[in-house]
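Asks: I have a structure here, written as structure tokens, and I will follow up with some questions on it.
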Amino acid sequence: MGFKAQADVITAVIIILLAAALTTSAYLWGMPLVQKRQEVAMVEKASSYFDRDNSNSLVKKIEYIAKNGGEDTFTSEVNGIWEFYPSDFQGSQNNSIEFMFRSKATNIAPDMGWIPFKTSSISSPGYVGMDEQSVVLAKAETSKDAFIIRYRIWLRDLISSDGKTYQVRLVPRNPSLPNASTGNTIRISREGAPQADPSNNNLIITKIQILLG
């Protein structure tokens, strides 16, 4: 084999090795960036579930059914834990739904406790015509190299100018089932029409059934 032929072979081998090295380098450097984008996309998706500007969010579905009746199913594409605290739950979480998931990215200021999320006022009670029935809160907690992110939808009382109190109570559709789930669906339905409390005609109660799937 002549020197030129040998040189061509060596050159070809060098090119192949360089290409392989560059491909490996791009893969190693690119993976963290791809993962970061995936984490950011997941956080944004989860946030959209609690965004009252999103007509398909869980908060909007609950408010719509409370007002208009009917039934709907909310589906999540983010894996996490759903927790449901009915209106008769003995604790500060009563009458709320929470979602918790782990992420290496966050759009919530970490370690600041619960903060309002797309909610103008968190006062309780609120006022008809000024405040939303639901309050959305969020928090992120640092956990080693990631964050534990939580969202909460809490249904508060609203008071009208004529002295009536409007209350939306979250109740279990099937009391025998656990109130926590890693499933991705929530069935929401209204239990009859709003009714005045038998002992207080100024208290108007709407019951919303929740079933975690």
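The values are calculated or read from the model by the stated rules, or taken from the named source; none is laboratory data. If you're wondering where the values come from, they're calculated on a predicted model, not measured in any experiment. All Cβ positions, glycine included, derive from the backbone under ideal geometry; neighbour counts span all protein chains shown.
Asks: Do we find a residue being outside any strand (DSSP E or B), farther than 30 Å from PRO194 by Cβ and within 15 Å of the chain's Cα centre (by Cα) anywhere in the range 131-151? It would help to see each step written out before you state the result.
Replies: Taking the range 131-151 first, the residues outside any strand (DSSP E or B) are 131-133, 144-145.
Going one step further and asking which of them are farther than 30 Å from PRO194 by Cβ, we end up with 144-145.
Pick out the ones that are also within 15 Å of the chain's Cα centre (by Cα) and you get none.
The answer is no; no qualifying residue exists.
Asks: Looking at the range 72-82, which of its residues are under 17 Å from ILE188 (Cα atoms) and buried (at least 18 other Cβ atoms within 10 Å of the Cβ)?
Replies: Looking only at the range 72-82, we keep the residues that are under 17 Å from ILE188 (Cα atoms), and these are 72-76, 82.
PHE74, SER76, TRP82, listed by residue number.
Asks: Within the range 185-202, restricting attention to residues that are under 17 Å from the mean Cα position of the chain (by Cα) and farther than 15 Å from GLU98 by Cβ, which residue is surrounded by the fewest Cβ atoms within 10 Å (Cβ to Cβ)?
Replies: THR185
Asks: Further question on the same structure: Which of the numbered conditions does GLU132 fail, given that it passes all the others? Conditions: (1) in contact (Cβ under 8 Å) with a residue 60 or more places away in the chain; (2) under 25 Å from SER181 (Cα atoms).
Replies: (2)
Asks: β-branched (Val, Ile, Thr), touching a Ser or Thr at 6+ places or on another chain (Cβ under 8 Å), surrounded by fewer than 16 Cβ atoms within 10 Å (Cβ to Cβ) and assigned to a strand (DSSP E or B): is that true of VAL171 in this structure?
Replies: Criteria met by VAL171.
Asks: While we're looking at this one, here's another question. Test SER25 against the stated conditions and say whether it is farther than 23 Å from PRO194 by Cα and either modelled with pLDDT of 95 or more or of a type outside the set (Val, Ile, Thr) (or both). Quick ask: steps written out before the conclusion?
Replies: Numbers: farther than 23 Å from PRO194 by Cα: yes; either modelled with pLDDT of 95 or more or of a type outside the set (Val, Ile, Thr) (or both): yes.
In short, yes.
Asks: Turning to a different aspect of this structure: Among the residues of the range 103-125, which ones are of a type outside the set (Gly, Ala, Ser) and outside any strand (DSSP E or B)?
Replies: Hits for the range 103-125 are LYS104, THR106, ASN107, ILE108, ASP111, MET112, TRP114, PHE117, LYS118, THR119, ILE122, PRO125.
Asks: Could I ask something else about it? Among the residues of the range 84-100, which ones are surrounded by fewer than 18 Cβ atoms within 10 Å (Cβ to Cβ) and not in a loop (DSSP other than H, G, I, E, B)?
Replies: MET100, the sole residue that qualifies.
Asks: Could you pull out the residue among LEU137, LEU177 that is surrounded by fewer than 16 Cβ atoms within 10 Å (Cβ to Cβ) and within 25 Å of GLN90 (Cβ to Cβ)? Reasoning before the result, please.
Replies: Details: LEU137 fails: surrounded by fewer than 16 Cβ atoms within 10 Å (Cβ to Cβ).
Matching residue, one of LEU137, LEU177: LEU177.
Asks: OK, next. For a quick check of your reading of the model, give me the residue pairs whose first member lies in the range 162-175 and is touching a residue at least 60 places away in the same chain (Cβ under 8 Å), whose second is among the basic types (Lys, Arg) and not in a loop (DSSP other than H, G, I, E, B), with beta-carbon atoms closer than 7 Å and at least 6 apart or on different chains.
Replies: Final answer for the pair search is ARG169/LYS207; VAL171/LYS207.
Asks: Only one residue in ASP72, ASP51 is among the acidic types (Asp, Glu) and part of a strand (DSSP E or B). Which one?
Replies: Values: ASP51 fails: part of a strand (DSSP E or B).
Unique residue meeting the criteria: ASP72.
Asks: Within the range 94-111, restricting attention to residues that are without any contact (Cβ under 8 Å) to a residue 60 or more places away in the chain, out of contact with any helix residue (DSSP H, G or I) (no Cβ under 8 Å at 6 or more places or on another chain) and not β-branched (Val, Ile, Thr), which residue is farthest from PHE74 (Cα to Cα)?
Replies: The residue in question is ASP111.
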